[in-house]
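What follows is a single structure, written as structure tokens, with notes after it.
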Amino acid sequence: SLSDKLQGVFKKLKGKGVLTEADINDAMREVKLALLEADVNFKVVKDFVAAVKEKSLGSDVLESLTPGQQVIKIVNDELVSLMGGANSKLTYSPRGFTVLLMVGLQGTGKTTTCGKLANYLKKNGKKPMLCACDIYRPAAIDQLEVVGKNVDVPVFTMRECREPEVIAQHALKEAELRGYDVLIVDTAGRLQIDEALMDELVRVKKAIKPHEILLVVDAMTGQDAVNAATGFDETLGIDGVIMTKMDGDARGGAALSVKQVTGKPIKFIGMGEKFDALEPFHPERMASRILGMGDMLSLIEKAQENFDESKADELEQKIKKNQFTLDDFLEQMGQIKKMGGIGKLLDMIPGANTKAMKNVDLEDSQKEFAQMEAIILSMTKAERKDPSLLNASRRKRIAAGSGQPVSKINTLIKRYDEARKMMKQFTNISGGKRKRMFRG
Ligand code: GDP
Ligand code: MG
């Protein structure tokens, strides 16, 4: 994958104490190939590599980083800015009633994403309503109704009506009247952009004046997704992109190209078929995912969303200060367990992405956690704070105390070490003083 390739390039750089211009040129040639193979737009790749080269040769280096790490940081920062810099939020109407128009080609995930978005908005204190404007297949209306049921959001339909703009207008009135504050309008798609589809969408747009037109594209289709974005934007005008099926796309080229090519940001990404598999798109997190720095921020946010906010803050602080103890590890694992899905979270943590951890049977994870808890609770306070104290005789004592074999204790310490190492890497990137990397 792109991630593997880039990490391969940087592994070579990381080891070097001094970097020459030739080292950088070599690395950039490989970066370029990796990006092209990932189906990133050619012009985007060219500009990207040029910018990284220029910055690498003329830049300040952070004291805490080697020149190799510094180049990685520059690549990271350029990736972030390529994808639009900061997270691009939905715009809500200042009047308090917001209309979102969902558009896109057939099969990209519009209808599913309507449900995910409604679910997301509900979690954020909004009161959404859905509207079915795909008039070409009765099954499409049924599908949206099922989606609405799943996320417990009402769906406005007018099964006899053949004019989407009329349906949308009625839905708008109804939603406002009944006290909803967001209307999400699902529309029909086609296999390709054609005039009839665009005319229809333009009519809907005129009729309901949406605050946001969100284009849904399928990450798996690579540059076709980017071309669709260009096409819809030119004819209809779009405010942002929702990129679905990011869970299945190994190449990532579309996500890296869309902002640069169209000027329109990705606002959300779809990470699966379930209704909670929608995430606000954070360029900096995507970049660190690609570069294999793990996605601690997403992990923390997920924990925050589902659990105790102050605890998550505390954890973030500890990670920053490098004071991550076995107690924290236990708590973190407890949260992951409560979140239900270990697999998805493991994917975000490079240190945790080992076979041993992946093989943890989800059915067994409950039991696994109870054992881990027993082990850690059998340790003294001092041991939990400083696991380097855990020599053989202490491990034996803990084994006896927790009723677990010593091998389990060794495994646990290994996992903890992996997690801590990864966090160290993470904090190294964000701090440090500056000095020149290349002189004269
Ligand atoms: P529409 O024609 O644009 O309305 O597309 P649908 O909402 O009917 O979705 C088409 C297919 O894509 C369905 O099977 C969805 O479950 C699937 N899908 C949508 N979003 C995602 C996603 O983020 N990840 C994955 N893996 N599948 C998705
Ligand atoms: Mg649909």
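How high is the FRET efficiency between Asp247 and Val146 when r is their beta carbon distance and R₀ equals 22 Å, given to the nearest 0.05? Could you put the intermediate results ahead of the total?
Values: r = 21 Å, r/R0 = 0.96.
Using R0 = 22 Å, I get an efficiency of 0.55.
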In whole Hz and in residue order, list the ³J(HN,Hα) couplings for segment 5-16 that follow from phi through the Karplus curve 6.51 cos²θ - 1.76 cosθ + 1.60, θ = phi - 60°; x for Gly and Pro.
5, 5, 5, x, 4, 6, 4, 5, 5, 4, x, 7
Projecting each Cα onto the charge dipole of segment 2-82 (Lys/Arg +1, Asp/Glu -1 at the beta carbon, about the Cα centre), which of Val71, Leu33, Gly58 comes out farthest on the positive side?
Leu33
Identify, among Val147, Gly252, Gly231, the residue whose Cα sits farthest towards the positive end of the charge dipole of segment 98-281, taking +1 on the Cβ of Lys and Arg and -1 on the Cβ of Asp and Glu, with the dipole about the Cα centre.
Val147
Does segment 130-189 come out rounded, prolate or oblate, given a ≥ b ≥ c as the square roots of the eigenvalues of its C-alpha gyration tensor, rounded meaning a/c under 1.5 and, failing that, prolate meaning a/b above b/c?
oblate
Please report, in whole Å, how far the alpha carbons of segment 1-158 spread along each principal axis, starting with the longest.
67, 32, 24
For Val216, list long-range residues whose amide hydrogen, built 1.01 Å from N in the peptide plane, is under 5 Å from its own amide hydrogen.
Val103, Gly104, Ile242
Set Lys110/Lys149; Lys116/Lys245; Lys149/Lys274; Lys5/Lys267; Lys205/Lys264 screened for pairs whose C-alpha atoms are more than 24 Å apart:
Lys5/Lys267
Linear extension gain, Glu234 paired with Lys173, 0.36 nm per residue minus alpha-carbon span
19.1 nm
Restricting attention to segment 139-243, which GluC sites (Glu not before Pro) occupy a DSSP loop and are surrounded by at most 14 other Cβ atoms within 10 Å?
Glu160
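No lab work stands behind these numbers, since they all come straight from the coordinates. Every value quoted in this text rests on a predicted model; they were computed, and no experiment measured them. Cβ sites come from the backbone with ideal geometry, for glycine too, and all protein chains shown count toward neighbours.
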